[in-house]
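Shown next, in structure tokens, is the structure this report addresses.
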Amino acid sequence: MFNPYLLMTLLYIALAVLAALDSSLAGLNVLPWFNGLRWLRIHLITLGTLTEVIFAVLPGLVAERTGQPRPKTRWDIWLTLNAGLLILLIGIPLVNAALIFTGGTLVFVAATLLIAQLNGLRTTTPTSTLTGRRFYLAGLSYLLLGIIVGTGLWLGWGAALRIAVPIEVHIHANNWGFMSLVFAGLLVDLSASFTQRPLAWPRSITPIFWMMTSGALLLVLGPWLKNEALSVPGIVLHLSATGWLLMNVIKPVWADRRKWSPGLWHILTGYVWIIAPVLVAPLIILKVPGFPGAGIEQNAPQALIYGWVLQFGYALVPYLFARFFLPNQPARPGGNWFSLITVHAGGVLLWASIFAGDAQPALHAMAYAFWAASLVPIVLDLWRIAREGLGRFEHARVESITDDPAGAN
Ligand code: HEM
């Protein structure tokens with residue numbers, strides 16, 4: 001089955017390797033002239049790879065899980081999203097207000113259209129509480145908020161909206177709201193295909209949904225109003241729900257070592273990098289002397305994106321590629337032991353760099369070199385799957401044209 005989002009995913013994840021490599025070389029002063037493309041590095045992963053793949057899969061997945069026919073590709077949504085992404089990829093590094101506004105608006109419209117499409121895939125079947133649909137709808141609503149705040153970051157909207165710390169609101173809406181909730185929905189929908197076992201406690205999914213959604217809201221309101229009394233219960237709610245969800249996946253396969261593929265390790269251990277900033281947050285808030293609060297605020301978002309968001313993608317994206325491009329073969333979560341070890345080594349080195357004093361640039365560069373290396377097997381795998389799948393597609397087309405030279409097909 002052809003899915004146009006997946007080819008864009010392949011393009012952006014391949015660019016993400018170059019961006020990580022560039023950061024590593026720039027850190028070692030080998031390529032200093034490429035520095036300053038920090039936005040691109042993060043958003044090639046968050047928007048270019050994960051958002052693209054989320055748009056690729058949600059309508060079909062919701063339809064499949066609720067027993068409805070697969071919806072047709074919505075080319076209007078594809079075009080709006082990708083036009084918006086391309087305009088942002090140019091506009092943000094140039095800090096061009098008109099381009100940022102246009103790009104942000106197009107991505108906002110694409111997300112709204114996707115929400116409307118998923119909303120239309122409503123169902124009355126009794127199994128509906130055990131699908132990820134409501135996680136997707138809530139997650140995409142947080143994306144809308146994240147887009148408004150992100151688009152306004154360099155347009156002065158933060159002050160108009162009375163946001164105390166706009167960049168944190170942007171990161172929290174997108175990470176704790178959008179990504180966390182959509183990933184949770186994907187675990188609800190796909191973990192049985194990853195582990196060949198159902199979730200341990202299906203009835204826990206409803207409380208998990210409400211805990212995550214309200215936790216994310218408190219985590220957005222915390223920096224919006226600069227009030228830690230909101231962020232702390234938010235993080236407790238959110239993390240307990242996440243732990244509960246992961247236990248739902250882990251418990252059924254706990255004793256069965258054969259099920260513990262590198263892909264499953266990628267998904268589960270990626271969540272370690274969500275906890276790292278949470279553990280040091282109290283030390284930043286209390287301004288403990290000698291503790292590099294500024295360095296952490298500067299670097300923690302990148303460790304979170306490469307360690308958690310990207311790693312979830314390592315398992316998810318090759319799995320989805322295989323499902324779409326090679327439907328006759330069994331699909332497995334992606335990644336291997338090399339990608340698992342190198343991606344975690346990157347996270348450890350990045351965190352070590354924050355505390356390393358003079359060794360900071362070298363460790364920082366090594367972190368990005370490890371992350372770039374970890375991406376390589378994933379990108380090669382995606383390339384192989386896409387080529388094989390498209391090759392068969394072309395072959396089938398050629399055969400159908402030769403069988404029917406009049407072109408009736
Ligand atoms: C239309 C969509 C988006 C727009 C317009 C946008 C815009 C921005 C801008 C202007 C920055 C500040 C960059 C800087 O200070 O150097 C930023 C940072 C950031 N954004 Fe977004 N963003 C969008 C979507 C997302 C999504 C979907 C995520 C998902 C997690 C995300 C995660 C982040 C993170 C983690 C940072 C901090 C990067 C760092 O500190 O290096 N953004 N974004």
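A few remarks follow.
- Simple spin-label estimate for S204 and A83 in nanometres, 7 Å along Cα-Cβ: 4.5 nm
- Helical content alone sets the calculated 222 nm signal of the chain at -24000 deg cm²/dmol, taking -39,500 (n - 2.57) per DSSP H segment of four or more residues and averaging over every residue.
- Other residues within the sphere of radius under 15 Å centred on the Cβ of V53, judged by their own Cβ, net out at -2 (K and R +1, D and E -1).
- Centroid-to-centroid separation of region 192-235 and region 322-340 [C-alpha atoms, Å]: 28 Å
- Principal-axis tilt of helix 293-304 within the chain, Cα atoms, nearest 10 degrees: 10 degrees
- Over region 216-259: Kirkwood hydrodynamic radius from C-alpha pairwise inverse distances, Å: 12.0 Å
- Pair L225, V165: separation of 7 Å Cα→Cβ label points (nm): 1.6 nm
- Qualifying aspartates and glutamates (Cα of each under 20 Å from Cα of K259; at least 8 residues distant if same chain): D189
- Cα gyration tensor shape for the chain, rounded if a/c is under 1.5, else prolate or oblate: rounded
- About its Cα centre, the chain has a charge dipole of approximately 860 debye under the convention of +1 per Lys or Arg Cβ and -1 per Asp or Glu Cβ, with nothing else charged.
- Positive minus negative residues near A192 (Lys, Arg vs Asp, Glu; Cβ under 12 Å): +2
- With neighbour counts taken as other beta-carbon atoms within 10 Å, the residues I77, I378 rank, fewest first, as I77, I378.
- For L230, L94, the sequence from fewest to most other C-beta atoms within 10 Å is L94, L230.
- Relative to the current alpha-carbon distance between K72 and F291, full extension at 0.36 nm per residue lengthens the span by 73.5 nm.
Throughout, read-outs are computed from the coordinates displayed, never taken from laboratory work. Note that the structure is predicted; figures quoted are calculated from it, not measured. We place every Cβ from the backbone using ideal geometry, glycine too, and count neighbours over all the protein chains shown.
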